[in-house]
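Working notes, structure below.
The values are calculated or read from the model by the stated rules, or taken from the named source; none is laboratory data. Bear in mind that the values here come from a model prediction, so they are computed numbers and not experimental data. Positions of Cβ are backbone-derived with ideal geometry, glycine not excepted, and every protein chain shown enters the neighbour counts. Accessible surface is based on the protein model in full, side chains and every heavy atom, while ligands, DNA and RNA are left aside. Shrake-Rupley method; radii C 1.70, N 1.55, O 1.52, S 1.80 Å.
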Amino acid sequence: MSKTKYIAGLYLRLSKEDGDKEESCSISNQRDLGIDFLKRHPDIKLYGEFVDDGFSGSDFKRPAFKNLMDLILKNKINCVIVKDLSRFAREYIDAGYYLEKLFPAMGIRFISINDNIDYEIDDSNNTKLIIAFKNILNDSYIRDTSIKIRSQLEVKRKKGEYIGPFVVMGYRKCKDDKHKIEIDECAVGTIKRIYTMRFMGMSASAIANKLNIENIPSPAEYKKISGVKFSANTQKKHIAKWTASAVIRILTDEIYTGTLVQGKRTTVNYKVKKVIEKDRNQWVVVKNHHEAIIPQEFFDKIQQLMKQDTRVSPGKKELYLFSGFLKCADCGDSLIRKTSKYKDKTYAYYMCATNKLGMGCTSHHIREEDIYKAVFSAINSYCMNVADLADKIDGVSEEDMIDVRLE
């Protein structure tokens, strides 16, 4: 123990692009190589192993690496051992920061076994040049891998293969082919109910509340019940509840019409993981890809309803009769319902939303009672016209109708 000069962390990493599952034993190979190295260097004592199995080397957002760095900052580890530089990282800029600036400044001994790099033996400019060159090669490797993966995924999308890790509620992946999807009979009823409730005038928020009251599993909760392994913020809660946004996602997803839409989003590049939305003309759309749950015509009607203002007023369970239908004749904006009291009696009226927000237009007002009268009058007129037309048709002989057709 008196010979010990360094307390080391043995860092092991393997990502998906490094091979298939059969090659995951390379973690064992890295471990064996590290243990053998330690046996030959009694001045180094192993603090522990830090394993990131299944994490890319394109960035440093890896749990085991973060744990290693925490211990380094706490002065519990002063030596890092890896099999080679590619196990440490494949990103040129950040890798250079750790190896050329942070570790030397903190007095951390860095050892890359297969690259014959040991900061205690040689920390010269020549060694730094070798590290920089190899980091560039590692960076180039992951760049080429990223391009190949993107190209392969695009080909699969265009062939109509489903490549998502999970399927939306109402569908499931086929057991014999994970690139195909089929209806999930256990969840399809909930999807149909959501569309029906929206068609009947319920808002997304009201639908979510009703489903929660009835203890219907939300999409996230249904995944957990079905045994699907996934990570989401909703899992932090005891039970994931329905939300208005979850209902809206279901109501606007074309997948329920049998159309598969993929490639809506992408990242800037293999280094910048920021997700950006793509234009619709860049999406990959495959019609009649799978069995539909919602007919296309019904789906289109729902999309029209989604554009209308159908928020339920506080303390109400149902929509007002004219919600989402009344528009200002001047600016085209929605009319909003307001109430006022006079001598213990409540009067309802509608006014221009644009004017209410102080954004222009004029102060239009119309009493709800007047709207009811106008609508009933229009309905009565329509019914009378239909009845009158029916009487006239009854008075026309079959011969007269034939003569009209011939003309």
Packing-based ranking, highest mean first, of 202-212, 244-254 given that Cβ atoms within 10 Å are counted: 202-212, 244-254
Unsatisfied cross-links (Cα-Cα over 20 Å) in the set Lys159/Lys287; Lys156/Lys180; Lys158/Lys307; Lys5/Lys76; Lys192/Lys223: Lys158/Lys307
Cα-based equivalent ellipsoid, the stretch 263-303: semi-axes from gyration tensor eigenvalues, Å: 30, 12, 9
By average C-beta atoms within 10 angstrom, highest first, the peptides 290-298, 361-369: 290-298, 361-369
Distant-in-sequence amide H partners of Phe110 (H built 1.01 Å from N, under 5 Å): Val80, Tyr119, Glu120
Percent carbon-and-sulfur accessible area, the stretch 145-267, ignoring ligands, DNA and RNA, probe 1.4 Å: 55 percent
Once the Cα gyration tensor of the stretch 60-117 is diagonalised, semi-axes √(5λ) in Å: 16, 13, 12
